[in-house]
Every structure is written in structure tokens, then in C-alpha cells.
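Written out below as C-alpha cells is the structure these notes cover.
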Amino acid sequence: MTSTTNTHCTDDASLSFETKAIHAGYDRQANADAVSVPIYASAAFDLENAQRGDALAGGAISGFEYSRVANPTVDALERRIAALENGIGAVAVSSGMAAVSYALMCAGEGGGRIVAPVNLYGASVDALGDFLPQFGIHGDFVENINDLAAVEAAIGPDTKAIYTESVANPSTAVADIEGLAELAHRHGIPLIVDNTVPTPYLLRPIDFGADIVVHSTTKGITGHGNAIGGVIVDAGRFDWTNGRFPQFTRDDLVISDQKAGEWNSFASRFGNQAFIKRVRTKYLRTFGAVQSPFNAYLQLIGLETLAVRERQEVGSALAIAKHLQGLAHVTRVNYASLEGQSTYDLARKYLPEGVGTILSFTVEGDADDVRRILDGTRVFSYVPNIGDSRSLIVDPTHVTHREVPQRYYDAAGVSDNLIRLSIGLENTDDLIADLDQAIQGAY
């Protein structure tokens, strides 16, 4: 009998998206040849001996010591998403808002300003407009992130980043990532992009010049509404030593060896990984929004079917959007893949396979009419989430966008007669029939 060794090249950049979504970032031979990534339900790991323990704690060698900083299951998720987004590294955290907060704080640390659009997810508007200012990080909001002149006018000497969503929720407006990246880099600041809505299957912002990408992995990446999580991905291209970001160039005890008199900054120690290493070492380790191994496992399982799910859900979303355009009592449909939408050309450029699984529409009347439609659906679930395998319906001004100031409503594309849909894996005809009967019954 002849034995053979089956070698798996899991991190080959030439592999297709679908293949990387199943194999990237995981070494079976280092995990007892388990085909599926194991759940490492361990708070800490054996340092083995004093010499190795000292080397691990000092960062001289890589490995696992405490799950608040790194865990093998979570590590596989981080490596896989970094590979899918074409980044150099990633940090997984316990929620999408933890990812947004850590990324913005790491860039704006010590005080500064972040330029952002008003059509962000409600909690992100609240973070930049009300909460982060208590820590010296202020948001400068523009009505249209694609008005590059207005964005440039908002940039000042203390601006630390431009932040946008690749596809806005619930308007589905598409951001001009290349234009924003060129503008940001001309002023020595990074472009941070929330890529939650399209997922890396439909769009990879790093390919168009983005420096940092964040996700709520709760949404399309997990895909089944059964786990909360977030991730930050670093492109590894931005120069954090350009003078605007002293947090990366000053000596830091946590990555230095004071006994040996060796002092390092994040830039000198980690080079182009300075940002993502600072997120892990200072923010994850200190603030502790840790991704659980079990949730990481669920997200890894979700990633395996991401391409298949997105293809079907996007197809259904487009069909439903087109159907709603001709439906009585519907006054407007927001789905950037439809001809005539304000960012249709950008959608064709950046998202030729579709802008994602969410769409929104306005109806005649007021909030009472919306409420009757919500209560009249039988297949759609009234749930404040997106990217689920189930189709979801919600009224943003009463749920997901309560934190958005009313003066931003028009620019953000939200109103009391707006309904948002997240399209799942049910039969498209069943979803259309459900909307038809609910809307007809409401009037």
C-alpha cells in the first residue's frame, strides 16, 4: 500500500472567492486534521515552559495565551475574512458596532474629526454625533458623501479619516470609493469603509483604494441570524507615520521590553500592520469586546455558503424591487441596481453582481399605513436585522434609525412612511404575494 499526503494550499491568493470562503486561513494538520474548524472553548492556553511563556508574552513568537486577545477558532475567522477582503490582517470582535467604534477610535485617538455622511446606520450616527465627541473624536457630517467638493471642504488639519458605508442602509446609495480614497490620500488621511450590506462577495473596497474595512458579521456573512459579531480588516497600505497619528509613532510599553531597554512604537514594531496590531493590542485587549469561539464558528459556517446565498437573495431582491415599482400605493422604491436610481452608475461600477439583499420603499399615507402593512405580512418577519436567510421587514424611523436626528432624515433617505426589506432565501413568488396582500389589506 502506498500512502499519500493531501496538501491543502488554503491561503493561495489565486483561488476563487468561493474556494477561499471554505478553505482560507485554516491549517487542518495543525488542528488534528479536523475538516471543520474546531471550537476552542478555552479561556487560556498552556504556555508550556517559562522560556516559551516569556517569548509569547513579549511577542517574540506567535501563539495563543489568552482568548481575550486571540483564540484559534477566532483566528481562523480573522484569516479567512482578511483573505476574502484582500487585506493583510483582521481582528474579529463581538459586534459590528464594536468594529465601527474600534476602527474610528484607533484612527481618531487623542482627539480629531471624522468626515462621514448623514445616511449612516443609526447607531453609527449616534456614535459620531453624540457619543465619541465625549472622547474628543467628532463627526463632521456631509449630506452626500459622493459630493467630493463638500467632503474636501470638511477636511481640516485635525481630520483623521473619512468614513462611509459602501452601500447605505436603507437607501442602498452606493459610495464612490475610488474618488473618496484618492481624496483622502491626497490629504494624508485613511478611508474607512463599512462593507456590511454587500459583504465581500459583492464588493471588496480595498481593491478600490479603501484602507480599513469593517463589517457587522452578524448580517450577510453569518447569514442565519444566529450570531452577533464584527470584524476590522486592514489593507496594510496607509502610512500611519505621516505626522497626523502620533499614537502609532510614540513608544508604547505594551509592545516594548523595558527590562532590556528596547522600546518600540507600533509603526517601528509592526510596519504596515501597525493599525490592525494596535486594534488588537490596545482596543480588543483593553476594552474587551471579544468574539466568542462559538460565534466565530457559526460565522465560519455562514461564510461557506455566502456566495450561494447572496446570488439567490440578490436575484430575489431585484425582482421584488422591480415588482414594487408598479404596485399601487407604493410611491418610491430604493434599490441602486434599478435604472434611474441616483447611484445606478456607481452600482454598475462597484457592484455589477448586485448591491445587496436590502431595499426600501415608501408608501402612501403615514406611519399608521406602514404599521398595517408590517402587521399584515405573513412570510416576512418583523425583525431589526439584515442579511438573514429569513426575509425581514421593519420601519426604520421607529426601530433602526431612532438615533438619527430628524434634520438628517431627508438626506439619509428615511421617513415615517418608509419600509425596509431584507430579502432571504424563501421563494420569490411567495415573498411578492405576501407583500401584495399586506399592502392591499392596509388600504
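A short reminder: the numbers here are calculations on the coordinates, not readings from a lab. What you are looking at is a predicted structure, and each value in this text was computed from that prediction instead of being measured. Heads up, the Cβs are rebuilt from the backbone with ideal geometry, glycines too, and the neighbour counts pull from every protein chain shown.
Using a/c under 1.5 as the rounded threshold, could you call the chain rounded, prolate or oblate? The axes a ≥ b ≥ c are square roots of the C-alpha gyration tensor eigenvalues, and prolate needs a/b larger than b/c, oblate otherwise.
In terms of gyration-tensor shape, oblate.
Run the paramagnetic zone check for Ser342: 7 angstrom along Cα to Cβ, then residues of segment 402-443 with backbone nitrogen under 12 Å.
409-414
In nm, give the distance between the simple-model label positions of Asn272 and Asp207, each being 7 Å from the Cα along the Cα-to-Cβ direction.
About 1.8 nm separates the two model spin labels.
Once R0 is set to 60 Å, what does the formula 1/(1 + (r/R0)^6) return for the Cβ-Cβ distance between Asn385 and Ala50, expressed as a FRET efficiency to the nearest 0.05?
Between Asn385 and Ala50 the formula returns 0.80.
Could you order the peptides 269-282, 330-343 from most to least packed, using the average number of other C-beta atoms within 10 Å per residue?
269-282, 330-343
Hey, which of these cross-link pairs are over 26 Å Cα-Cα: Lys20/Lys322; Lys20/Lys219; Lys160/Lys277; Lys219/Lys349?
From Lys20/Lys322; Lys20/Lys219; Lys160/Lys277; Lys219/Lys349, over 26 Å: Lys20/Lys322.
Report, in whole Å, the centroid distance computed from the Cα atoms of segment 367-405 and segment 80-143.
Segment 367-405 and segment 80-143 have Cα centres spaced 25 Å from each other.
Based on alpha-carbon centroids, what's the gap between segment 259-290 and segment 170-236 in Å, whole number please?
Using only Cα atoms to place each centre, the spacing works out to 23 Å.
Could you give the dipole magnitude of segment 360-443 about its Cα centre, charging the beta-carbon of Lys and Arg +1 and that of Asp and Glu -1, in debye to the nearest 20?
Dipole of segment 360-443, to the nearest 20 debye: 260 debye.
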